[in-house]
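Novice: Mind looking over this structure? Questions follow.
The values are calculated or read from the model by the stated rules, or taken from the named source; none is laboratory data. All values reported here derive from a predicted model rather than from experimental measurement. For neighbour counting, all protein chains shown are included, and Cβ atoms are generated from backbone atoms with ideal geometry for every residue, glycine included. These area figures cover heavy atoms from the full protein model, side chains too; ligands, DNA and RNA do not enter into them. Shrake-Rupley method; radii C 1.70, N 1.55, O 1.52, S 1.80 Å.
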Amino acid sequence: MIRRPPRSTPLYSSAASDVYKRQEQETVSSQLSKRLGEDHTFSLQFFHSWSDITRERPWPRIQGRQIPITSPYYPGNGIVPAIAGQDLTSPVQVHGMSIVALERPEETVTDRTWRLMASVDGVIGAFDYEVWALQSEAEFEQAIVSYDNRWIDGIDRRDDDTAPWINPWADFAGQSPEAQAWITGNYMGKVKDRIADSQLKNVGFTLGRDIEQIDFGAGAAALAFAVEYTEEELFTGLSLERLAATNQTPEVRLGPDRNTLGDRDLYSATLEVLLPITEGLEVSASVRYDDYSDVGGTTNPKLLVNYDVTSNVNLHASFGTGFRAPTLVDLFRARSLVGTIPAASFIYDQELCTDGMTPNDPQDDPMNACDLRVNKISGGNLDLKPEESDTFSIGTMLNFETGLGDLAIGIDYWDYKIDNVINSGIPPEAIFGDWDQFASGFIFRCSTFTGEEIDGLNNCPDDPALRFNDYIGAVLQTNANIGILETSGVDVKFLWNLPTTDIGDWLFTYNATYVNDYDQEVYEGAGAESRVDRFVTRSFGPVLQYKHYATLRWSRNDWSAFLQHQYQNGYDDCGSVCGKPDRKVDSHGILNIGATYQINDAIQVSLRVENLAQNDPPFTNNTGAGSITTANTDVRYFDHIGRRVGLTLVGNWGGD
C-alpha cells in the first residue's frame, strides 16, 4: 500500500455532459360520455403514458486520489509531460478528473402512469350535483450501470498494489494490455437501481344551487358545497430481486431497511358562496377544511372581488390563506448516499483544519481535512411541517376600441408569504458557516458508517490505517423546513388585435413579470435575504427580476404563423458565494418562429424553430452546483441546446 503524503500538486478537470442514446414515449387517452335520461350524464375517462429514456452519463471521475511518483504516468516521469509549477517531489492531486479510458456509464429511466375516472353529473331538484371516483398509479424505475470502484486502484494502487497502472490521460486504446483487461473486468460491477410506486384513490361529490332568497338586485346568490376523501400510498426503494438475479451491488442506503412505505388519508370539505352585489360588482367567498391523517387539520378562507367599473374598465382583488402538506415523497423517500457537495473555500473540517488551509495533524492529507468533497445524505424527513401561506393580489384590466384595432391592458400586483418552506436540505454554506449550531446534527464522520457505506464515501479511505483521524464522511441534506419566503411583483399583459387587412389578421401579445422582492431564509431563524438577481448560496440561485414574451401572430385562410421574442435580464454571478471573482451574467434574448398549415379538415402540419439566430447562452462561473453544463451555462435559467427545429403532424378522424 502507498500512504498519501500531506502535500501534493493539485490538478483540476471537468466532466462531460450527458448524451441521450434513445428516447421513446407514448400517450393514450380516451373519454366516453352517455346521457342518462334528461338530467344526468355519465362520463368515463382513461389516461395512460409511458416513457423510456436511455442516456450515457459522464465518464467516472477521480475523487480524493493522487497520482504517486511511482506511477509511470506521473507527470514528468517520461510518458506524461510535467505540469507547469509542479512540485516533482510530491504526488499530483486529481480533483474530479474524467477518466476517458472507461466506457461512459449508462442510465435508463422508465416512467409509467395511468388514471381512470368515472363521474355522474346532473340536476336533482333545485341542486346541481357531481359525483366522481378516481384511481391512478405512477411507477418509476431508474437503473445506472457503471464501474465497480476497484478500477480506481489502477490510478494510485492505494488499496491494491497489484493493480496495473492506468494512464488517466489516455483513452482505452492508449492503455497497456494489462490495464485494458483490468478495466474490462471491473465494468458493470455496480448498479444503482431505484424504483418508486405511488397510488391515489379519490372519491367525492359537489352540490350547488341558486339561493333566490339572497338577491341584492343583481341576481340570486349561488351556494356550492363539496366533500372529498383521498387515499395515498407510496413505495420507494431498490429492486433487490433484480439486483440479486444479475449479481450486482445496490447503491448504499442508510438505515435497517432499503425500502420505505408510506400512506395517508385525507378528508376535505369546501363551502363557496357567490354574491352579485350590483350589476358590475361580484364577491366570491369560500372556506376549505382539510384533515390529514399524518399532519392534522387546517381551515383556509379565500375572498375574491370583481368589479366592472364600466364596460372597458375592470378592477379585481383576492385574498386567501393556503396550506400544503408535505408529499409522501417529502416524508418517506429512503435515505441514501447520493451525490457530492461541490468543493468551496468555506467547506472544511473546522475541527481538523482550523484555519481552513492546513491540517492540524501533519499526517492528514489536505483533501481529507481542508479541501473537502464529501457526500450528502439525501432522503425524506418524517418531522416536516406543512407549508402555510398568505396571498394577496389586486389588479385592473382595461379594454379600448380604436381605429388601429382593439387594445387590452392588464396589470396585476401580487404579494405572497410562505412559512415553513420545504427544501431539499439546509444549504451546505449555512451548515459549515454556523458550525456550532449544525455540526452535531448534520455532520457525520467516517466512524458512524458501516464498512459497506464507507465504500461509497469519497472522504473515508477504505483502508482504516489511512484514517489518521475521524474525517467527515457525509453531510445531512434530507428534506427540511427552512423558514419563510416573502415575494411580491407585477404581471403585465398587453394585447393588440389589429384590424383585418388584405394579407390577413394580426395579433400582438406581450406578457411580462417584474419581481419586486424575493426574500427567503436559508434555515429557520437565519433571517430572510433577497434573491432578486443575486445568489444567497450556491443552491439558492438568483430569482430573475424581469422576463417577457412578445409574440406577433398572423393568420389567413388555412395558414398561420408567429414570431416570438423571449427575454430575461442578467444577474450577479455566483462570485464570492462560490469562491469566484464577482461579475455580471449577461441578459439573454432569443427569437422563435413557426408556421401552421391546415391541409384539410383532418390534417394539420406545423413547423417551429426555436432560437432562430442560435444565440449562445451567457457565461456563468457557477460551476459544480449540479445544474451547470460543461459549457458554463446555468440551465436553470437559460437553454443551452441552441437552435431547435420541430415538425408536427396532427390528424383527426372519426369525430369532432
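Novice: How big is the Kirkwood radius of the stretch 458-531, worked out from every pair of different alpha carbons and given in Å to one decimal?
Specialist: That comes to 18.5 Å for the stretch 458-531.
Novice: Can you list the residues, at least 5 places off or on another chain, whose amide H is less than 5 Å from the amide H of SER560, using H built in the peptide plane?
Specialist: Hits under the 5 Å cutoff: THR596.
Novice: Can you tally the net charge around ASN469? Count Lys and Arg as +1, Asp and Glu as -1, for every other residue whose Cβ sits under 11 Å from the Cβ of ASN469.
Specialist: For residues surrounding ASN469, the net value is -4.
Novice: Could you list which residues have their amide H under 5 Å from that of LYS547, counting only those 5 or more apart in sequence or on another chain, with H placed in the peptide plane?
Specialist: THR513
Novice: If you bin the C-alpha pair distances of the stretch 310-468 every 5 Å from 0, what whole percents do you get?
Specialist: For the stretch 310-468, the binned pair fractions read 2, 7, 12, 13, 12, 10, 7, 7, 6, 5, 5, 5, 4, 3, 2, 1, 0, 0 percent.
Novice: With Cβ to Cβ distances under 12 Å as the rule, what net charge do the other residues near TYR637 carry (K, R +1; D, E -1)?
Specialist: -3
Novice: Here is a follow-up. For the stretch 412-468, what Kirkwood radius comes out of the mean inverse Cα-Cα distance, in Å?
Specialist: Answer for the stretch 412-468: a Kirkwood hydrodynamic radius of 14.8 Å.
Novice: Looking at the calculated P(r) for the stretch 341-390, what percent of the C-alpha pair distances fall above 12 Å?
Specialist: Pairs farther apart than 12 Å: 68 percent.
Novice: Would you check the accessible area of SER286, probe 1.4 Å, heavy atoms only, in square angstrom rounded to 10?
Specialist: SER286 has an accessible surface of roughly 30 Å² with all protein chains in place.
Novice: While we're here: Could you work out the Rg to Rh ratio of the stretch 374-472, with Rh taken as the Kirkwood radius (inverse of the mean 1/r over all Cα pairs)?
Specialist: Looking at the stretch 374-472, the ratio lands at 1.37.
Novice: Any lysines with Cα under 28 Å of the LYS376 Cα? List them, leaving off those in the same chain fewer than 8 positions away.
Specialist: Hits, sequence-local ones excluded: LYS190, LYS192, LYS385, LYS580.
Novice: Right, here's the next one. Among the lysines, which fall within straight-line cross-link reach of LYS584, defined as a Cα-Cα distance under 27 Å, with same-chain neighbours fewer than 8 residues apart omitted?
Specialist: LYS547
Novice: Next question, about the same structure. Can you list the equivalent-ellipsoid semi-axes of the stretch 411-523, largest first and in whole Å, using the square root of 5 times each Cα gyration tensor eigenvalue?
Specialist: Equivalent ellipsoid semi-axes, largest first: 54, 20, 9 Å.
Novice: Suppose R0 equals 56 Å; then what is the FRET efficiency for ILE83 and ASP517 from their Cβ-Cβ distance, rounded to the nearest 0.05?
Specialist: 0.75
Novice: Spelling out what I want: for every residue of the stretch 325-331, take phi, set θ = phi - 60°, compute 6.51 cos²θ - 1.76 cosθ + 1.60 (Karplus), and round to whole Hz; glycine and proline get x.
Specialist: 6, x, 5, 5, 5, 4, 7
Novice: Can you tell me what percent of all Cα-Cα pairs in the stretch 382-436 are more than 19 Å apart?
Specialist: In whole percent, the share of Cα-Cα pairs in the stretch 382-436 beyond 19 Å is 64.
Novice: Excluding PHE127 itself, calculate the net charge of residues whose Cβ lies under 12 Å from the Cβ of PHE127, where each Lys or Arg counts +1 and each Asp or Glu counts -1.
Specialist: Counting the neighbours of PHE127, the net charge comes to -4.
Novice: Calculated from the structure, Cα extents along the principal axes in Å equals which of (1) 118, 64, 47; (2) 93, 60, 52; (3) 95, 54, 46?
Specialist: This structure yields the entry labelled (2).
Novice: Placing one identical point scatterer on every Cα of the stretch 531-626 and ignoring solvent, what is log10 I(q)/I(0) from the Debye formula at q = 0.18, 0.19, 0.21, 0.22 Å⁻¹?
Specialist: The Cα Debye sum returns log10 ratios of -0.84, -0.89, -1.00, -1.06.
Novice: So how far apart, in nm, are the two label points at GLN135 and LEU261 if each is 7 Å from Cα heading toward Cβ?
Specialist: 1.8
Novice: Amide H to amide H, which residues 5 or more places from GLU524 or on other chains are under 5 Å from it, using H placed in the peptide plane?
Specialist: Close amide H contacts, sequence-distant or interchain: GLY483.
Novice: How many nm is it between the label spots at ASN469 and PHE225, if each spot is 7 Å from the Cα in line with the beta carbon?
Specialist: Rounded to a tenth, the inter-label distance reads 6.9 nm.
Novice: List the lysines whose Cα sits under 19 Å from the Cα of LYS302, skipping any in the same chain fewer than 8 residues away.
Specialist: LYS417
Novice: Given the -39500 (n - 2.57) contribution per DSSP H run of 4+ residues, what per-residue ellipticity at 222 nm results for the chain, rounded to the nearest 500 deg cm²/dmol?
Specialist: -1500 deg cm²/dmol
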